[in-house]
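Undergrad: Please see the structure below; I have some questions.
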Amino acid sequence: MSRGFYEISGRTEISLRDEFFDTLYGNGIEISKKQTGLLRIMRRDASGELIKCSCSVGASKMADKTLPCQICLGEGYLWDESYVDFYRTDPSGAGGMREKLSPPGLVNVPQRSFYIKYDDSLTEDDRVIELFLDAEGLIAEPRRRKAIYRIGAVFDFRADNGRVEYLRATGYEEKSLPLNPR
């Protein structure tokens, strides 16, 4: 049996997961574009509710933002941090500012999008934390947090067969929490 010149056997579509991996870590012809940061994943109990910190059990049931707790750093809930590699973009143009109309007037809200590998779990209750980097893009020593982003939405990007290829978390910078506890 003869085969035609243009017949293809095997996979015919690109793997978005492989392409995203190459974007983060590079390959023979593409340089790495990853940035290392932290994921602050909120702890949950058996029923899926966030676990409150002991500092938020007073009369107000809220964490003190002016004199933050040394355990939760003013979040009000317990959390765990782990390193994550991501690709960050400013979705709304230069500077990542999105104009939002609120009762006092027009407010500029700094927005960021973080593209994260498919196997990292992330919800709207969690945070993405940027770290200070050196000139080569490595984490600067001593390690310090640069910005904390509250996640507004998490989107999973799926291919034709429904497999999650990567995640996009969109959020805004939170200015009220301490970045680097003593």
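Undergrad: Might you let me know whether the stretch 25-33 holds any residue that is modelled with pLDDT of 85 or more, surrounded by 13 or more Cβ atoms within 10 Å (Cβ to Cβ), on the phi > 0 side of the Ramachandran plot and in contact with a Ser or Thr (Cβ under 9 Å, 6 or more places away or on another chain)?
TA: The answer is yes, given that some residue of the stretch 25-33 is modelled with pLDDT of 85 or more, surrounded by 13 or more Cβ atoms within 10 Å (Cβ to Cβ), on the phi > 0 side of the Ramachandran plot and in contact with a Ser or Thr (Cβ under 9 Å, 6 or more places away or on another chain).
Undergrad: Within the stretch 67-106, take every residue that is in a strand (DSSP E or B) and modelled with pLDDT under 65 and give me the one that is farthest from Gly171 (Cα to Cα). First the steps, then the outcome.
TA: As a first pass, look at the stretch 67-106 and keep what is in a strand (DSSP E or B): 77, 79-89, 97-102, 105-106.
Next cut, modelled with pLDDT under 65 only: 97-102, 105-106.
Values: Met97: 11, Arg98: 11, Glu99: 14, Lys100: 14, Leu101: 17, Ser102: 18, Gly105: 21, Leu106: 19 Å.
Looking at the filtered set, the residue picked out is Gly105.
The values are calculated or read from the model by the stated rules, or taken from the named source; none is laboratory data. Here the structure is a predicted model, which means the values were calculated and not measured. Neighbour counts are summed over all protein chains in view; Cβ atoms, including those assigned to glycine, are modelled from backbone coordinates with ideal geometry.
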